[in-house]
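What follows is a single structure, written as structure tokens, with notes after it.
The values are calculated or read from the model by the stated rules, or taken from the named source; none is laboratory data. Quick caveat: nothing in here was measured; it's all calculated off a predicted structure. No Cβ is skipped: glycine too gets one built from the backbone with ideal geometry, and neighbour counts run over all protein chains shown. Keep in mind that these areas ignore ligands, DNA and RNA; they rest on the heavy atoms of the full protein, side chains included. Shrake-Rupley method; radii C 1.70, N 1.55, O 1.52, S 1.80 Å.
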Amino acid sequence: PLPLPPVDMSPEDVIRRFWAAIDAEDYRTAYAATSTDTRAGQSLAYFRATWECVKSARVLEITPKGDSTGNARTFTTQIAMDLKSSCDGKALPGTVVGLVRETPDGSWLIRAFLD
């Protein structure tokens with residue numbers, strides 16, 4: 001099974017966990033932090049191929065946005081990233097992260113990176 005974020009982990013900590021996993025090249029943990037819909041739309045192999053061009057990543061700032069409601073939260077993030085040369089031409093994630101709690105007592109999961 002995937003190492004899903006603990007149910008008591010805050011949305012901000014899920015974002016930090018995602019980026020720490022990317023930094024550590026732990027793509028399985030990063031993948032597990034994404035929503036069921038996201039995982040259904042892309043395999044772990046595809047996810048890894050998308051993110052493995054990131055040499056290092058570190059969260060600098062996470063700021064809640066005003067449109068968070070109920071089981072959905074939105075944050076603006078600032079990430080320090082160093083990229084490998086293999087990133088040439090690849091799209092990078094936007095600064096806005098949307099998270100969702102798929103069940104009322106479930107884990108927060110990253111639904112989307114937006115600009």
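Computed values, structure above
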{"quantity": "Mean Cβ neighbour count within 10 Å, used as a protection proxy, ranking 36-47, 70-81, 91-102 highest first", "calculated": "91-102, 70-81, 36-47"}
{"quantity": "Solvent-accessible area per residue for the chain (1.4 angstrom probe, square angstrom)", "calculated": "55"}
{"quantity": "Shape of region 1-54, Cα gyration tensor, a/c cut at 1.5", "calculated": "oblate"}
{"quantity": "Computed lengthening from LEU92 to ARG39, 0.36 nm per intervening residue step minus Cα-Cα distance", "calculated": "17.3 nm"}
{"quantity": "Neighbourhood net charge (14 Å Cβ-Cβ; Lys/Arg +1, Asp/Glu -1) for ILE79", "calculated": "-1"}
{"quantity": "Value at 222 nm in deg cm²/dmol, rounded to 500, when DSSP H runs of n ≥ 4 in the chain each add -39,500 (n - 2.57)", "calculated": "-8000 deg cm²/dmol"}
{"quantity": "Whole-percent carbon and sulfur share, accessible surface of the chain, 1.4 Å", "calculated": "51"}
{"quantity": "Simple label model, 7 Å out from Cα along Cβ direction - VAL7 to CYS53, nm", "calculated": "3.9"}
